[in-house]
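*Asks:* Quick one: structure below, then a few questions.
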Amino acid sequence: MTFFLFSMVTGIMLAQQGVTGVVTSDDGELLPGVSVVVKGTTNGVTTDFDGNYSITVANSSSVLVFSYIGMETKEVTVGNQTTINVTLSTSSEELDEVVVTALGISREKKSLGYSVSEVSGDDITTVTQENALNALNGRVSGVQINSTGGTGSTVSVILRGASSLTTDNQPLYVIDGVPLSSSLTNVGTVGSGVAVDYGGGIADVNPDDIASVSVLKGPSAAALYGSR
């Protein structure tokens with residue numbers, strides 16, 4: 001019985017296969033942030049800044065679904081392929097206002113159960129700031145933004161007031177579908193045991209590289225990324 005179970009698990013592992021590729025538009029532009037999901041499952045990834053993706057599928061009959069705002073959704077059967085490059089065509093349908101949620105899945109804004117505020121990249125760079133979060137100050141309702149120390153230190157962001165007296169009230173930052181830790185980075189010391197705050201991970205993001213910022217507020221929005 002033990003041998004049978006071992007063989008069965010090994011067979012399942014061998015049946016899985018990795019698929020990589022590049023997603024481009026019909027005019028040859030690389031597409032970052034494209035949702036790549038195995039049809040009928042929650043297994044999915046998004047393409048990186050250069051349009052690359054890598055995903056593991058259960059077997060050769062798996063179907064990959066490629067979707068992107070303003071583009072026609074495309075489905076491709078994996079088969080024996082390990083490299084699948086995809087070209088998405090511009091959609092001819094008029095789009096309703098949409099929001100990209102977890103895993104790069106698009107939803108109509110009116111169908112969401114939580115509040116979403118949008119800030120464009122042009123608004124962020126109107127006034128030069130050392131931290132992109134400072135540029136959001138006064139542009140999003142219900143958001144309190146304060147610097148916790150001197151120049152370059154962590155920026156405190158509170159959505160709809162503090163929800164806990166004992167735990168971290170900072171939001172989760174997601175860049176092109178990838179969660180970014182809001183905890184302190186590059187913390188040094190001066191003297192004996194005196195911490196120096198050099199800012200969180202979001203401080204490494206160049207404001208000029210931001211196309212837009214979506215602020216998702218409410219319990220339903222928090223549930224998108226689970227306990228994080």
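*Asks:* Pop a pseudo-label 7 angstrom from the Cα along the beta-carbon direction at both Thr125 and Val63 and give the gap in nm to one decimal.
*Replies:* Result for the modelled spin labels: 4.1 nm.
*Asks:* Related question: Contour minus end-to-end for Leu180 and Asp209, with contour as 0.36 nm per residue of separation and end-to-end as the Cα-Cα distance?
*Replies:* Once the chain is fully extended between Leu180 and Asp209, it gains 8.8 nm.
*Asks:* Here's a follow-up. Can you tell me the order of 202-214, 44-56 when each peptide is scored by its average per-residue count of other Cβ atoms within 10 angstrom, highest first?
*Replies:* 44-56, 202-214
*Asks:* How would Glu75, Glu130 line up from fewest to most surrounding beta-carbon atoms within 10 angstrom?
*Replies:* Neighbour counts put them in this order, fewest first: Glu75, Glu130.
Computed from the coordinates by the stated procedures, all read-outs in this text should not be read as laboratory data. Because the structure is a prediction, the values reported are computed rather than measured. Please note: Cβ atoms are built from the backbone with ideal geometry, for glycine as well, and neighbour counts cover all protein chains shown.
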